[in-house]
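The values are calculated or read from the model by the stated rules, or taken from the named source; none is laboratory data. Treat the numbers as computed from the prediction; the structure is a model and nothing was measured. All Cβ positions, glycine included, derive from the backbone under ideal geometry; neighbour counts span all protein chains shown. To get the accessible areas, we keep the full protein, side chains included, count just its heavy atoms, and leave off ligands, DNA and RNA. Shrake-Rupley method; radii C 1.70, N 1.55, O 1.52, S 1.80 Å.
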Amino acid sequence: MIHIRRKGIIITTLFYTLLTIGCSNSSPTAAETSLPATPSPSAPQVTPDITLPPSASPTSGSDTGNNDSIDKLIAGMTLEQKIGQMLLAGIDGGAPDSEAKRMIAEDQIGGIILYKDNISSLKSMVSLINGLKESNSSNAVPLFMSVDQEGGKVSRMPKEYAAIPANSTIGAAADPQNAHKLGSLLARQVLSAGFNMNFAPVLDINSNPDNPVIGDRSFGNTAELVTRLGIAEMQGIAGEGVIPVIKHFPGHGDTSVDSHLELPVVNKSAAQLAQLEWLPFQAAVKEGADAVMIAHILYPQLDPDKPASLSAEIISGLLRKQMGFSGVVITDDMTMGAITDHYTLPAAAVDTVLAGSDILLIAHGYANEQKVRAALLDSVHSGVISEARIDQSVGRILELKEKYRLSDKPVAVPDLTELNQDIKSWRGTLGQ
């Protein structure tokens, strides 16, 4: 344990030093770049402060101006640490168990996602989040603490929080100011509990009335409305200092099956998709979207062999090259039926990284996290994935964490009086 803490202190200090250097115009001196001396065995062990150095408030786009310092930091990381940053995992239960703590402290995963099953009350949720962050205290880089908090039926926050209506309600009013307020209120909810990433807004167009998974999660059935309100919500979330993740690229609106259970197929051409499904995502990218979630949907006319989440044609070709997205690509949950019924998890993990994904979401099963981690490590050792490819993803991840000044500092149980009153007042303007 002493060895791990020393390592954490050294890496954390290097993290600070390099990012601080990256914010200045002067060349670093030898003293600025040297590692600190290893503390003597008798020295007291202090939990490192892993708050990222101060930087400008989050703004649109992914360029933080710290590319050189990020590159230097990556050069000092082990392959295991790099792979860890690419994993965002779920946990079991409402308290950090031994496996969750091991996954964070030893595998050094980059983030955690919490679901409804993990959350029972405000107090227990804050305690859980603080405990997970504490498990990361020996690691240099803070965690993404993420959640799906959309409003409506996809609401993870406990009963102490005032309810936020579904996107369809905001869409009916067709006012981007309401959508911006939606984003701001959602961000204030999650931020109050210690989260720093929200899987919202939904940019899917509700074009198929038989869709079992989108429905009122969408702002509406036109690209113009979804684009206008979706970008406003994205900006509202980011404006409060929470990372928004737009979803589900390239569009989940025209599916008739639930990808949690099986693999949807959308048999549209690129020309058809460009006229509807892609428009909100393309606009969000132009507005500086930080992160995109990739859906598990097969588009045979784009890639007949692999779903979007495993497709180089869709991720690297369409999203990155054609649309110009330079931010973080996150898969939808890799343990969903759309993937596990057709692929082994290790093979799918390697495929999605080769395709261009940066973060792999493994929502369920500690054994699944270990399988994915081992598969990625083996693929680099065998030369299937180059370490330079891993470095690309880790660079994007670290830039995003630095941009939003993520921290593993604990939060107090919040007083929700003002926030809940603001939500209720806003709902009143919507007739709710």
Number of the condition not met by ASP290 [criteria: (1) at pLDDT 95 or above; (2) surrounded by fewer than 24 Cβ atoms within 10 Å (Cβ to Cβ)]: (2)
Any hit, the stretch 382-394, residues being under 23 Å from ILE104 (Cα atoms) and acidic (Asp, Glu): yes
In the stretch 212-240, residues that are more than 21 Å from THR429 (Cα to Cα), in contact (Cβ under 8 Å) with a residue 40 or more places away in the chain and assigned to a loop (DSSP other than H, G, I, E, B) total 4
Restricting to the stretch 301-332, name every residue that is over 16 Å from LEU354 (Cα atoms) and without any contact (Cβ under 8 Å) to a residue 60 or more places away in the chain. GLN301, LEU302, PRO304, GLN322, MET323, GLY324, PHE325
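Give the residue, chosen from GLY383, GLY356, GLY431, that is open to solvent by less than 10 Å² (accessible area, probe 1.4 Å), at positive phi and either out of contact with any strand residue (DSSP E or B) (no Cβ under 6 Å at 6 or more places or on another chain) or without any contact (Cβ under 8 Å) to a residue 60 or more places away in the chain (or both). Steps first, answer last, please.
Numbers: GLY383 fails: open to solvent by less than 10 Å² (accessible area, probe 1.4 Å); GLY431 fails: open to solvent by less than 10 Å² (accessible area, probe 1.4 Å).
Result: GLY356 is the single residue among GLY383, GLY356, GLY431 that is open to solvent by less than 10 Å² (accessible area, probe 1.4 Å), at positive phi and either out of contact with any strand residue (DSSP E or B) (no Cβ under 6 Å at 6 or more places or on another chain) or without any contact (Cβ under 8 Å) to a residue 60 or more places away in the chain (or both).
Each row is one residue, and each column tells you yes or no for (1) in contact with a strand residue (DSSP E or B) (Cβ under 8 Å, 6 or more places away or on another chain); (2) within 20 Å of ARG188 (Cα to Cα); (3) among the basic types (Lys, Arg).
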residue	(1), (2), (3)
SER69	no, no, no
LEU87	yes, no, no
ALA95	no, no, no
MET125	yes, yes, no
LYS159	no, yes, yes
ALA166	yes, yes, no
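For residues in the stretch 310-366 being in a helix (DSSP H, G or I) and acidic (Asp, Glu), which is farthest from ALA283 (Cα to Cα)? Give the steps one after another, and end with the answer.
We begin by selecting, within the stretch 310-366, every residue in a helix (DSSP H, G or I); these are 310, 312-322, 337-340, 345-355, 366.
Going one step further and asking which of them are acidic (Asp, Glu), we end up with 313, 351.
Numbers: GLU313: 20, ASP351: 27 Å.
Restricting to residues being in a helix (DSSP H, G or I) and acidic (Asp, Glu), the top hit is ASP351.
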Regarding the stretch 196-211, can at least one residue be identified that is surrounded by 21 or more Cβ atoms within 10 Å (Cβ to Cβ), of a type in the set (A, V, I, L, M, F, W, C), more than 18 Å from LEU430 (Cα to Cα) and more than 18 Å from the chain's Cα centre (by Cα)? yes
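Can you confirm whether ALA367 is modelled with pLDDT under 95 and among the small types (Gly, Ala, Ser)? So that I can check it myself, show each step before the final result.
Numbers: modelled with pLDDT under 95: no; among the small types (Gly, Ala, Ser): yes.
No.
Say whether the condition of being open to solvent by 10 Å² or more (accessible area, probe 1.4 Å), under 22 Å from VAL242 (Cα atoms), under 20 Å from the mean Cα position of the chain (by Cα) and at pLDDT 95 or above is met by at least one residue in the stretch 90-98. Steps first, please.
Taking the stretch 90-98 and keeping what is open to solvent by 10 Å² or more (accessible area, probe 1.4 Å), we get 91-98.
So of that shortlist, the ones also under 22 Å from VAL242 (Cα atoms) come out as 91.
Those still in the list that are under 20 Å from the mean Cα position of the chain (by Cα) too: 91.
Then keep just the ones that are at pLDDT 95 or above; that gives 91.
Scanning the stretch 90-98, I find at least one residue that is open to solvent by 10 Å² or more (accessible area, probe 1.4 Å), under 22 Å from VAL242 (Cα atoms), under 20 Å from the mean Cα position of the chain (by Cα) and at pLDDT 95 or above, so the answer is yes.
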Filter result for the condition that a residue is open to solvent by 10 Å² or more (accessible area, probe 1.4 Å), of a type in the set (S, T, N, Q) and over 18 Å from ASP422 (Cα atoms), over SER192, SER155, SER168: SER168
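Rundown of residues vs (1) touching a Leu at 6+ places or on another chain (Cβ under 8 Å); (2) among the small types (Gly, Ala, Ser), yes/no style:
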| site | (1), (2) |
| --- | --- |
| GLY337 | yes, yes |
| ALA347 | no, yes |
| VAL350 | yes, no |
| LEU354 | no, no |
| ARG373 | yes, no |
| SER379 | no, yes |
| SER386 | no, yes |
| ARG389 | yes, no |
